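Student: One structure coming up, written as structure tokens, with questions to follow.
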Amino acid sequence: MKGFGYLVKEGFKNIYTNRIMTIASICVLVSCLVLTGAAALFSVNVTAIVSEVEKNNETTVYILRDRGEIEAKQIGSQIEAIDNVESAVFVSKSEAVEQYKQTLGEQLFDRIKDKDPLNDAYRVVIKDLEKYDDTVKQIKAIDGVESINDRREFAQKLSTISNLVNLISIAVVAALIIISLFIIANTIRATMYSRRFEISIMKSVGATNMFVRMPFLVEGMVIGIISAALSTGAVALLYEAVKRVITEAAGSWITVLPFSQMVVPLAISFLVAGILVGFFGGFISIRKYLKKEGNEILGW
Amino acid sequence: MIDFENVSKTYPNGTHALNNVSLHIDRGEFVFIVGASGAGKSTFLKLIMREEIATSGEIIINGNKLSRLKKRDVPYLRRHMGIVFQDFRLIDKMNVFDNVAFAMRAVGESSAAVKKRVPYVLDLVGLKDKMKDKPSELSGGEQQRVSLARALVNNPEIIIADEPTGNIDPELSHEILELLTQINSMGTTVLVVTHEHELVREFNQRVITIDKGKVISDSAEEMVDLSYGYDEGYAETYAEAPAPAPAQPDADVDISSFSAAPAEEPAGEEEPYDAGEQPQYPDNVVIIPD
């Protein structure tokens with residue numbers, strides 16, 4: 001299109017002229033994108049954890065503390081005797097203490113060691129995961145078994161939370177997208193009002209609708225691009241902070257995916273969403289103006 | 001050039017703005033449109049600019065029927081017209097140069113073309129020295145000349161001036177009409193809507209009087225329909241106005257400083273509107289290329 005450079009320049013001029021409204025639009029759009037991004041990253045992590053847990057067919061079976069080592073070995077034999085159990089490796093209380101020491105560090109471990117929280121246990125590998133629930137029932141039925149660390153149950157709980165978070169996010173994001181569209185459309189409408197003289201002159205000298213529309217679309221899209229960039233930065237900071245907290249609390253038990261693995265698709269999604277919201281915000285507000293002619297544009 | 005064939009216009013609120021109007025304006029004519037407030041003059045101009053669509057009848061410009069003109073082609077029709085408004089409609093934050101350049105930029109002209117053409121047109125209207133001034137620093141007459149330069153800058157075939165002297169001093173009004181006459185002498189069709197009887201008489205051009213939505217007199221046809229009642233005596237004033245001026249240049253006007261550059265069409269753009277013939281310029285017009 002001829003004069004494209006001029007139109008883009010006009011779009012940037014609009015942004016500067018209406019900077020307060022532009023900042024308001026950017027703030028709303030950033031909150032919308034950050035919330036969407038946070039929900040998406042949470043969901044991605046939960047899915048990764050769930051699939052990891054589901055892939056892992058190792059389950060820890062704890063033995064009652066009043067049972068001696070010989071009784072514990074007998075329980076192990078009974079576990080191994082179950083059809084769907086491939087192996088059962090004994091982990092003594094002292095081995096478990098060493099592992100905890102490594103995970104928690106000496107200092108933290110010293111604080112809890114008096115409480116003697118550990119049991120003898122078996123690491124049981126299950127053959128067919130489809131029969132997992134039946135096998136767990138059979139193990140629980142063995143005399144002397146205190147509990148089973150069923151990570152699948154945890155995975156299921158996590159999935160339920162994730163689904164709930166996703167549902168809430170969708171509702172919040174839908175509301176925020178509508179608010180963003182509304183605010184961007186109003187920002188651009190304010191620009192158009194301040195430039196109504198120019199629009200009426202443009203139309204009277206024979207500017208095409210596309211030509212009249214272009215600076216306002218550029219304005220909307222630039223708002224979208226700036227919001228996308230800010231949102232990516234904000235989500236990165238937020239993600240790293242949350243990751244630090246989770247890693248400190250859960251140690252190696254929960255693996256949080258590195259942000260670098262997700263930054264590209266996240267930034268691209270933000271960019272596309274930002275541009276689309278900005279473009280449609282501009283499009284909606286100018287559509288009404290373009291239908292008007294002459295003095296109608298000036299509101300006379 | 002411009003034909004109205006039994007054109008009527010009724011607005012959605014029931015106002016009958018024009019009632020069965022038929023007239024013909026030739027290429028290169030200078031026409032005054034006069035009439036009382038609410039007579040239908042503005043509607044007449046809006047119909048030509050295709051801001052409004054006739055309720056019935058047909059408007060033909062350069063052989064193109066406006067009723068058949070697609071909405072997307074309206075901008076191309078308007079590129080053949082230059083509009084001068086009573087209130088100038090200059091953009092305060094832009095200087096004189098940018099106000100005129102704006103009309104070129106709006107149709108996608110390159111900045112090189114703008115830089116070449118705008119000073120030239122401002123020179124034509126005598127404002128070359130005021131290119132960097134803001135409209136607020138100019139007198140009413142100067143502001144109207146900027147508005148005229150903006151109307152001229154895209155080389156239109158028709159200049160439509162809606163009350164061009166309505167907001168300026170009487171002595172400056174004469175100057176503006178003088179400029180319009182000079183522009184007309186180069187072959188551009190000029191339509192001027194005005195209330196100023198003295199000016200109309202002085203300039204000795206074709207006068208079309210509209211009252212209550214009808215053409216009640218047209219000096220070109222020496223027609224008067226006195227059966228219509230009208231308030232401000234337009235018919236009495238203009239019924240015996242002189243015959244229309246020929247569409248030839250006025251020999252007394254010094255036009256050597258004026259451009260008769262052919263109408264430019266933005267290259268590379270679709271031009272669905274048929275411009276028809278370009279104005280025929282007299283031999284003594286110096287054609288300065290853009």
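The values are calculated or read from the model by the stated rules, or taken from the named source; none is laboratory data. This is a predicted model, so every value here is computed, not measured. Backbone-built Cβ (ideal geometry, glycine too); neighbour counts: all protein chains shown.
Student: Out of the residues in the range A:51-69 meeting the condition of being in a helix (DSSP H, G or I) and in contact (Cβ under 8 Å) with a residue 24 or more places away in the chain, tell me which one is surrounded by the most Cβ atoms within 10 Å (Cβ to Cβ).
Tutor: A:V53
Student: Separate question: Looking at the structure I just gave you, is B:H174 modelled with pLDDT under 80, under 15 Å from B:F32 (Cα atoms) and under 20 Å from the mean Cα position of the chain (by Cα)?
Tutor: no
Student: For B:V118, are the conditions met, namely being surrounded by 19 or more Cβ atoms within 10 Å (Cβ to Cβ), part of a helix (DSSP H, G or I) and within 11 Å of chain A (Cβ to nearest Cβ)?
Tutor: So B:V118 fails the test.
Student: Given the structure, is A:L7 within 31 Å of the chain's Cα centre (by Cα), in contact (Cβ under 8 Å) with a residue 60 or more places away in the chain and either assigned to a helix (DSSP H, G or I) or crowded, with 19+ Cβ neighbours inside 10 Å (or both)?
Tutor: no
Student: Follow-up. Residues to consider are B:E198, B:E175, B:E171; find the one that is surrounded by fewer than 20 Cβ atoms within 10 Å (Cβ to Cβ) and touching a Lys or Arg at 6+ places or on another chain (Cβ under 9 Å).
Tutor: After applying the criteria, what remains is B:E175.
Student: Just wondering, is there one or more residues in the range A:30-50 that are more than 14 Å from chain B (Cβ to nearest Cβ), buried (at least 20 other Cβ atoms within 10 Å of the Cβ), out of contact with any helix residue (DSSP H, G or I) (no Cβ under 8 Å at 6 or more places or on another chain) and at negative phi?
Tutor: For the range A:30-50, residues more than 14 Å from chain B (Cβ to nearest Cβ), buried (at least 20 other Cβ atoms within 10 Å of the Cβ), out of contact with any helix residue (DSSP H, G or I) (no Cβ under 8 Å at 6 or more places or on another chain) and at negative phi: present.
Student: Still on this structure, please answer the following. Looking at (1) away from chain A (no Cβ under 14 Å); (2) within 27 Å of B:F32 (Cβ to Cβ); (3) out of contact with any Leu (no Cβ under 8 Å at 6 or more places or on another chain), which one does B:Q144 not meet, given that it meets all the others?
Tutor: (3)
Student: For B:T181, only one of the following conditions fails: (1) surrounded by fewer than 22 Cβ atoms within 10 Å (Cβ to Cβ); (2) touching a Gly at 6+ places or on another chain (Cβ under 6 Å). What is its number?
Tutor: (2)
Student: Can you find, within the range A:196-205, the residue that is farthest from B:K93 (Cα to Cα) among those that are within 9 Å of another protein chain (Cβ to nearest Cβ) and out of contact with any strand residue (DSSP E or B) (no Cβ under 8 Å at 6 or more places or on another chain)?
Tutor: Among them, the one singled out is A:K203.
Student: I've got another one for you. Being modelled with pLDDT of 90 or more, under 14 Å from the mean Cα position of the chain (by Cα) and away from chain A (no Cβ under 14 Å) narrows it down to one residue among B:T194, B:T189; which is it?
Tutor: Step by step, each of B:T194, B:T189 is checked, and only B:T189 is modelled with pLDDT of 90 or more, under 14 Å from the mean Cα position of the chain (by Cα) and away from chain A (no Cβ under 14 Å).
Yes/no matrix, rows are residues, columns are (1) over 21 Å from A:S25 (Cα atoms); (2) in contact with a His (Cβ under 6 Å, 6 or more places away or on another chain); (3) not assigned by TED's automatic domain parsing to the domain that holds A:P265:
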site: A:E130; (1), (2), (3): yes, no, yes
site: A:D133; (1), (2), (3): yes, no, yes
site: A:L164; (1), (2), (3): yes, no, no
site: A:I179; (1), (2), (3): no, no, no
site: A:N209; (1), (2), (3): yes, no, no
site: A:G224; (1), (2), (3): no, no, no
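Student: Test B:E137 against the criterion of being touching a strand residue (DSSP E or B) at 6+ places or on another chain (Cβ under 9 Å), more than 11 Å from chain A (Cβ to nearest Cβ), surrounded by fewer than 19 Cβ atoms within 10 Å (Cβ to Cβ) and modelled with pLDDT of 90 or more, and give yes or no.
Tutor: No, not satisfied.
Student: Any idea how many residues of the range B:84-106 are buried (at least 23 other Cβ atoms within 10 Å of the Cβ) and either of a type in the set (G, A, S) or in contact with an Asp or Glu (Cβ under 8 Å, 6 or more places away or on another chain) (or both)?
Tutor: Total satisfying the criteria: 6.
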